[in-house]
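The values are calculated or read from the model by the stated rules, or taken from the named source; none is laboratory data. Predicted model, so just to flag it, every value in this text is computed and none were measured. Cβ sites come from the backbone with ideal geometry, for glycine too, and all protein chains shown count toward neighbours. Note: areas computed on protein heavy atoms with side chains; ligands, DNA, RNA excluded. Shrake-Rupley method; radii C 1.70, N 1.55, O 1.52, S 1.80 Å.
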Amino acid sequence: METRQQGFMDSQPLREAEEDLVSEVNLNSTNMTEEEREEIHQELAKLEEEINTLRQVLSSKEKQQAELRQKLGVNPLSEFKNNLSRGWQDMQTSTAYKKTSETLSTAGQRTSTAFSNFGTAISRKLGDLRNSSSFKSFEEKVENTVSTIKTKVGGTGSGSSFEEVLSSAANASSQDTPTNNLTDVSESPR
């Protein structure tokens, strides 16, 4: 039983088999007869000749194609335009394009609706703000200031400058809006 285990673990026979295989491959590729080599060279020469002939035929056909295109008035730019147009038409008829177009259309409609709703909400809030007491108070102060300026500028012609009119309007405005401290002091009995 031990000899069997040693034989199984021994890698020497495997190495010899690999070396024999490598030497057989090398021998087969280098051990060609002169006749075989000559035959391969002839076949290679034939292939190279055929390739050159095909290149010449292809070149001749390409020249003929260019001449015919020129007679038809087809130049690279018009050909490019035609290819681009054909590609665009192909793309528009594809299912991917149709699905994408439908999706973008739906998204656009939803976005438009959202902006419309947003605009309506803002308008409503601004309307509510305009009706609030704070805004009305501010609006009255602005109207009073404007009328004061108009009176002073268009009044008796006292010769006041525009800066003086603005200054007096600002003073009049500040006197119209007493602060809490002044209100508290004037209302409290002492």
Lysines with Cα under 23 Å of LYS150, excluding same-chain neighbours fewer than 8 positions away: LYS136, LYS141
I'd like the Karplus ³J(HN,Hα) series for region 54-60: coefficients 6.51, -1.76, 1.60, θ = phi - 60°, whole numbers in Hz, and an x wherever there's a Gly or Pro. 5, 4, 5, 5, 4, 4, 4
Solvent-accessible area per residue, Å², over region 32-93 with all protein chains present [probe radius 1.4 Å]: 97
Given a 1.4 angstrom probe, I'd like the percentage of the accessible area of region 32-93 that is carbon and sulfur, rounded to a whole number. 54
Of the candidates MET32, ALA45, MET91, the farthest towards the positive dipole end of region 32-93 (Lys/Arg Cβ +1, Asp/Glu Cβ -1, centred on the Cα centre) is MET91
For the pair ASN75/LYS136, report the inter-label distance in nm, with labels modelled 7 Å from Cα in the Cβ direction. 7.6
